[in-house]
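In what follows, a structure is listed as structure tokens, so that the remarks can point back to it.
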Amino acid sequence: MLNPFMQSTQSRFDVCPSTPPAPDGDVPPSPEALMCSLTVPGEAYSGQIARRTVRSVLHAHRLDALAVAAEQVAGELLAASWHLDPGRSLYLSVRYRDDALRLTAYDGHATHSHPRLAAHCEARRRAALRLMAAVVRECGGSWGFGESREPGGGTRTWATLPRAGALGYLAA
């Protein structure tokens, strides 16, 4: 008598399920599909790499109109991260969700345990990001920083640019 669980010699797992057809190469990805991350060296030129990458990614996702504000923010995020943590890798993430572009930079500069050192370091980071803060404010967005939840620790600095505000940035 056959085991009821082995009624067929061919398992349903012997054959790969059919894969969906590949998307048409001529159709650009939607804005909502934008998820891009890159790691760059902790060097002065990394801001330029970030700006060019952000421009290319926004173009690929049909968000070119946001590029002026986004490039400025990306460059400032990476410049400040490099300035506070030179020589170590920097990480930038760009996402588009809920009609807003979110840029996040991670650096290895850990939060200081001594309150005075922590306050001094926070003041240095805020001063380094004054231009970025002005761009974000002009776009009606928000920004901040805090301890990174990444395994290596460090600091996470983020900025959110609402689409409507970024479209109007420098449009006078």
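Looking only at residues in segment 113-168 that are under 15 Å from the mean Cα position of the chain (by Cα), more than 17 Å from VAL54 (Cβ to Cβ) and polar (S, T, N, Q), the one that is most open to solvent (accessible area, probe 1.4 Å) is SER142. Total residues in segment 82-111 satisfying the condition of being in contact with a His (Cβ under 8 Å, 6 or more places away or on another chain), over 15 Å from VAL57 (Cβ atoms) and not aliphatic (A, V, I, L, M): the figure is 1.
Can you find a residue in segment 72-88 that is within 13 Å of CYS36 (Cβ to Cβ) and modelled with pLDDT of 95 or more?
Residues of segment 72-88 within 13 Å of CYS36 (Cβ to Cβ): 74.
Restricting the remaining residues to those that are modelled with pLDDT of 95 or more gives 74.
Within segment 72-88, one or more residues are within 13 Å of CYS36 (Cβ to Cβ) and modelled with pLDDT of 95 or more.
For segment 7-38, what are the residues that are at pLDDT 70 or above and either open to solvent by 90 Å² or more (accessible area, probe 1.4 Å) or not in a loop (DSSP other than H, G, I, E, B) (or both)? Scanning segment 7-38 gives VAL27, PRO31, GLU32, ALA33, MET35, CYS36, SER37, LEU38. If the condition is being touching a helix residue (DSSP H, G or I) at 6+ places or on another chain (Cβ under 8 Å) and open to solvent by 90 Å² or more (accessible area, probe 1.4 Å), then segment 84-110 contributes ARG97, ASP99.
The values are calculated or read from the model by the stated rules, or taken from the named source; none is laboratory data. Keep in mind the model is a prediction, meaning the values are calculated, not measured. Neighbour counts are summed over all protein chains in view; Cβ atoms, including those assigned to glycine, are modelled from backbone coordinates with ideal geometry. In case anyone asks, the SASA skips ligands and DNA or RNA and just uses the protein heavy atoms, side chains included. Shrake-Rupley method; radii C 1.70, N 1.55, O 1.52, S 1.80 Å.
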